[in-house]
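The values are calculated or read from the model by the stated rules, or taken from the named source; none is laboratory data. All figures in this text were calculated on a predicted structure; none of them were measured in a lab. Cβ coordinates were reconstructed from backbone atoms using ideal geometry, including for glycine residues, and neighbour counts include every protein chain displayed. Ligands, DNA and RNA are stripped out before the accessible areas are found, and what is left, the full protein with its side chains, is counted by its heavy atoms. Shrake-Rupley method; radii C 1.70, N 1.55, O 1.52, S 1.80 Å.
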Amino acid sequence: LLRRQLEDNGRPLFDEFVMVKNLIQEYEEDRFLEETFIMSFNHCPASSDDESKAPGNPCSRLSLAREKSIEIIRQTFDSIEPVAHITNGDEVKYGADSEFPFIGNFHKTLPHKSNGLVDVDAYLMLVNECIEKVNVTGCSMVPGTGVLANSLGGYYLPAQGVPPWALVLPPPPSVDSAEMALMYAEVAWMALLRDVPFSEYGDNPLAAEAAASLSEMAAQPDIDNALYRRPLGQDGKIDPSSQLFRLDFEGVTTGPMVSQFLFETFEYDGIVVEPKITTVVPDSDAMTTFEEFLCVQNGGAECFEPPERDPIPRYIRNARDLGFVSQRDRVTSIYVRAAFIKGILQPQISFYDNVKRQEGFSTQGIPRIDYQIVSAAAGISPAWYSKWNVHRAVRPEGYGGLVDQTVSADGTNFPVHPSILKNVVIERMVDKWGSALLPQMNTEGCPAHPSYPAGHAMIAGASVTVLKAYMDPDATRCYPFPIKEAAPDGLSLNVLIADNSGSDCITVNGELNKLAHNLSLGRDMSGLHFRSDATSGILQGEAYAITYLQDDLDRQPECATLKFKSFQGNFIELSPRRKECQEAPESITTSYLG
């Protein structure tokens, strides 16, 4: 039926796709819940006397907890319909028997030939013996050097929110497509502009050349600018100062490139932290020879000297700085840090404002929100399922190897799209680094897991969704501090807008969207991901956060509601699905909005 529907709709259908059905409720209820509660129930009396049913009775509490847990699991899984994960077809088109086996797929740390092609048997063993069989021993037997990053992580079932296979993404661009060529051109321009201050993009000749080149490529008929949130002016061109390397989410193309949240001093356990970083020195780019590239692809961890650190603390001022931060964060730390900025969060938590002698803590309070920021992001398993179980997409550095071989006089002629081969960006790369390889900022290159979607982007989408629900639910709150931008040397901050108020102000919602952009495309700026990885990752993270927050509201005793504006511009409102919350008095159903 699915095949007929896809064919009738004119959508591409590939030989291999993964059909995932609804998890049966009986498995969850009988296996998980019974095993959880059975030992405790063994100690409860079998009688039904009034004392054993009293609210304070441990057995009564166990029974109530079991009933509510089953109800929540039913509600969650009832909302999931069978889904089909459809790939871009590269693993079939360029399969084991093709001239260019698996060139569109991730195979770092496996053995490679001298031209960068992967050892076919090793790749098939990774897929068939490790991933498909969920076999840790099989994973350990895969040939190669180095350590693969959690190739079984997509099988993890989070305690809250939908299971990882329930969130479907559009397939990433094919390796031979014009879209992939455009995305590589973008990350190449990012690398060329790493040391140019964001504040100078409007006047910098190289930034202007990048914007013009990318605008021309974006005008090709096979390019989907809307899908990948590529901002363009009314004339169809990219403005260097406000649109270059940005996403078309609300607020991201307004004001400075860097989110205001990354410029604010915050307090952590009584320690006042000024957000300056010790980044790396300019021109710290590596993996610019094919010998270094092969070393990295084969799993080498020290294929070149590590970059020299800049001893002077600086504010984030350019792509190298932002790329550095996006590599050195503790994944969720940036978003917890945003909540630690004085005055940004506390005034918005108002569930108990109209309730006497109560305030929030473990629910409806700061500790709960801190927990939600991290826990929503802990559901990263949907990204890992998409990475390892579905798409297994090539990283930018791997695609760069294909481009470099193709433009080299004595290299292999790989089937990459011709729009990248004679592009001016290749000329600029060869002039600067001597090759068309994508330079990396660290000694091991990209992480040892597939590119699509970006895990950092999914975490950004999830954590920022939580923050938006509490900081700016109506998406109208003006950012409460002056709008700043780092000076070109990063030693100070220049105030651009001293009084950010009024109907046209820069909003908290917009700066939170920009924060997600910074930690997602910041990874692109360091050479780790493509634009497609960021856009799909952010939206997948948001989708997971919605299901997580819904489950969390269902588990709380209060009849609270949540509201926020999504990345795509529509409002989402969540409320508990419990019957009693539909009938609760108004004073109890007061929402976070006050």
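Structure notes:
- So GLU264, is it part of a loop (DSSP other than H, G, I, E, B), of a type in the set (Asp, Glu) and more than 27 Å from the chain's Cα centre (by Cα): no
- Residues of the range 556-572 that turn out to be in contact with a Pro (Cβ under 9 Å, 6 or more places away or on another chain) and either open to solvent by less than 20 Å² (accessible area, probe 1.4 Å) or not β-branched (Val, Ile, Thr) (or both), as a count: 9
- Count of the range 415-436 residues which are surrounded by fewer than 24 Cβ atoms within 10 Å (Cβ to Cβ) and either of a type in the set (Gly, Ala, Ser) or within 22 Å of ALA149 (Cβ to Cβ) (or both): 3
- Summed over the range 399-410, the residues that are outside any loop (DSSP other than H, G, I, E, B) and either out of contact with any Gly (no Cβ under 8 Å at 6 or more places or on another chain) or open to solvent by 50 Å² or more (accessible area, probe 1.4 Å) (or both) give a count of 5.
- For SER591: the one exception among (1) under 15 Å from the mean Cα position of the chain (by Cα); (2) modelled with pLDDT under 95; (3) among the hydroxyl-bearing types (Ser, Thr, Tyr): (1)
- In the range 341-391, the residues that are open to solvent by less than 20 Å² (accessible area, probe 1.4 Å), out of contact with any helix residue (DSSP H, G or I) (no Cβ under 9 Å at 6 or more places or on another chain) and touching a residue at least 60 places away in the same chain (Cβ under 8 Å): SER350, PHE351, GLN364
- Taking each residue of the range 456-475 that is more than 19 Å from GLY343 (Cβ to Cβ) and looking for partners that are part of a helix (DSSP H, G or I) and of a type in the set (Ser, Thr, Tyr) with beta-carbon atoms closer than 6 Å, six or more apart or interchain, yields ALA457/SER520; ALA460/SER520; ALA462/TYR544; SER463/TYR335.
- Qualifying residue in the range 435-447 (condition: more than 26 Å from the chain's Cα centre (by Cα) and closer than 26 Å to PHE324 by Cα): yes
- Hits in the range 118-151 - residues which are in contact (Cβ under 8 Å) with a residue 60 or more places away in the chain and either within 20 Å of GLY411 (Cα to Cα) or among the aliphatic types (A, V, I, L, M) (or both): VAL127, ILE131, VAL147, LEU148, ALA149
- At least 3 residues being modelled with pLDDT of 95 or more and open to solvent by 20 Å² or more (accessible area, probe 1.4 Å) is the threshold, and among the helices (runs of 4 or more DSSP H) wholly inside the range 80-189 those reaching it are 90-93, 120-125.
- With respect to the stated conditions, PRO480 fails to be over 20 Å from MET180 (Cα atoms), in contact with a strand residue (DSSP E or B) (Cβ under 6 Å, 6 or more places away or on another chain) and open to solvent by 30 Å² or more (accessible area, probe 1.4 Å).
- Residues (in contact with a Cys (Cβ under 9 Å, 6 or more places away or on another chain) and open to solvent by less than 10 Å² (accessible area, probe 1.4 Å)) located in the range 439-477: GLN440, GLY445
- The range 504-540, residues that are modelled with pLDDT of 95 or more and not in a helix (DSSP H, G or I): CYS505, ILE506, THR507, SER526, GLY527, LEU528, HIS529, PHE530
- Any pair with Cβ under 6 angstrom, 6 or more apart, that starts in the range 223-244 at a residue that is more than 23 Å from SER536 (Cα to Cα) and ends at one that is assigned to a loop (DSSP other than H, G, I, E, B) and open to solvent by less than 30 Å² (accessible area, probe 1.4 Å): ASP239/GLY233; PRO240/TYR201; SER241/TYR201
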